[in-house]
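In what follows, a structure is listed as structure tokens, so that the remarks can point back to it.
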Amino acid sequence: MTHLLPSEPISSLDAYLATDIGGLGVDAAQRMGPEATIDLITASGLRGRGGGGFPTGRKWAGIAGQAGTRRYLVCNGAEGEPGTFKDRALLRANPYQVVEGMIIAAFAIGADEAYICVKASFEREREAITRAIQEMQAAGICSECVVNVVAGPDEYLFGEEKAMLEVIEGKPPLPRWFPPYEHGLFAAGPQPGWEAAGGAGQGPNPTLVNNVETLANVPHILANGADWFRSMGTPESPGTVVATVIGDTAVAGVGEVELGTPLRSVIDAVGGGPRPGRSVKAVFSGVANPVVTTEQLDVPVSYEGFAAIGSGMGAAGFIVHDDTACMVDAAYRMSRFLSIESCGQC
């Protein structure tokens, strides 16, 4: 039950338009109008796939409801969480669905411009998304939406949404105090902890920041409907999720699975299971989430499933440790990463 990761990469607009959703989402949004588009995303139950799981429709409605200022859309493709490769996999497999999702989101919130941010080192992904934008603009699909590609630094904090706005404005990737919906891109006036944008904008300029995978889902929902999306997953976590499985497994893999699938089954399906003769001791679902132990491997991969065991699903990046692993060393490596990349800066 997959729709985000095609069996073969889609490398041209013609190939995308030949699929069962190519361009249909934009058409549906334009027929429905911005408010009904947001209502449909809300009804679908889509939640942010960047790690937080916030309801996407509610986020869009909050930005659209703020009047009198410029609005911006930012697509976060600065994947930096250890154990994740989902956004890069999506940009390689089908960048067109991501661009179409951006166009729909920008239309729904009335954005003046859109930005997609990837690390400068992600050359293959940057080339794919740039090609997709150019082809869609040339075809008139993206003619009224300015989409900018921003190549950022390799720092982990570049992926933090407030730090990402700083990078777009040409500053180092250090988070601001206020979230993007309160104080967005090119907003006038300073706030504690960052420099003013030099009067480049007016007012707070509320800015919508969504993850690559979140926006990749949007054209599918517009083309197929909320009920179709809710036919997959769980009531609280509808749809599918693109999971990464690495570590002490037969292979390192990326695969799309239905939300609610037991973690044990995801490890088997995406990572080929533990190595021969070994068993899973622990799984980390992100550097800041509590570890999932052997006794918890049947936890449903969903936001509520991981919350029930006192952990978090994060961005569905699963680092597997088998019975030969030293967990003291694993904890040291996680702590060292956070110390270098994050501590004291956000």
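Other residues with beta-carbon under 12 Å from the beta-carbon of Gly273 carry, at +1 per Lys or Arg and -1 per Asp or Glu, a net charge of 0. Excluding ligands, DNA and RNA, the accessible surface per residue across the range 143-192 is 45 Å² with a 1.4 Å probe. Rounded to the nearest 0.05, what FRET efficiency is calculated for Cys343 and Glu123 with R0 set to 45 Å and r the Cβ-Cβ distance? My answer for the efficiency is 0.95. Residues in the range 295-322, backbone N under 11 Å from the label point at Arg333 (7 Å along the Cα-to-beta-carbon vector): list them, ranges by number please. In the range 295-322, the label zone of Arg333 (backbone N under 11 Å from the point 7 Å along Cα→Cβ) covers 319-322. Rounded to the nearest 20, the size of the Cβ-charge dipole of the chain about its Cα centre is 340 debye, with Lys and Arg at +1 and Asp and Glu at -1. For the chain, the extents of the C-alpha atoms along the principal axes are 60, 47, 35 Å, listed from largest to smallest. Solvent exposure of the range 264-346, expressed per residue, is 48 Å² of accessible area, with all protein chains present and a 1.4 angstrom probe.
Once the dipole of the chain is set up with Lys and Arg at +1 and Asp and Glu at -1 on Cβ about the Cα centre, which of Val167, Leu222, Val212 lies farthest towards its positive end? Comparing the listed Cα positions along the dipole, Val167 ranks first.
The Stokes-Einstein estimate for the range 12-138, based on a Kirkwood radius over Cα pairs and taken at 20 °C with 1.002 mPa s viscosity, is a diffusion coefficient of 138 µm²/s. Secondary-structure-derived ellipticity at 222 nm for the chain, considering helices only, amounts to -11000 deg cm²/dmol, per-run term -39500 (n - 2.57) for DSSP H runs with n ≥ 4.
Fully extending the segment from Leu174 to Ser11, taken as 0.36 nm per residue of separation minus the present Cα-Cα distance, adds 55.2 nm.
Dipole magnitude for the range 64-222: about 100 debye, using +1 per Lys or Arg Cβ and -1 per Asp or Glu Cβ, origin at the Cα centre.
What is the distance in Å between the Cα centres of the range 290-317 and the range 94-149? Going from one Cα centre to the other spans 33 Å. Out of the total accessible area of the chain (probe 1.4 Å, heavy atoms of protein only), what percent is carbon and sulfur? The nonpolar share, carbon plus sulfur, comes to 52 percent. Simple point charges give the picture: +1 on the Cβ of Lys and Arg, -1 on the Cβ of Asp and Glu, and for the range 1-119 a dipole about the Cα centre of about 400 debye.
The values are calculated or read from the model by the stated rules, or taken from the named source; none is laboratory data. Since we're looking at a predicted model, the values are computed, not measured. Neighbour counts run over all protein chains shown; Cβ positions are idealised from the backbone, glycine included. Remember, those area values only see protein heavy atoms, side chains included, never the ligands or the DNA or RNA. Shrake-Rupley method; radii C 1.70, N 1.55, O 1.52, S 1.80 Å.
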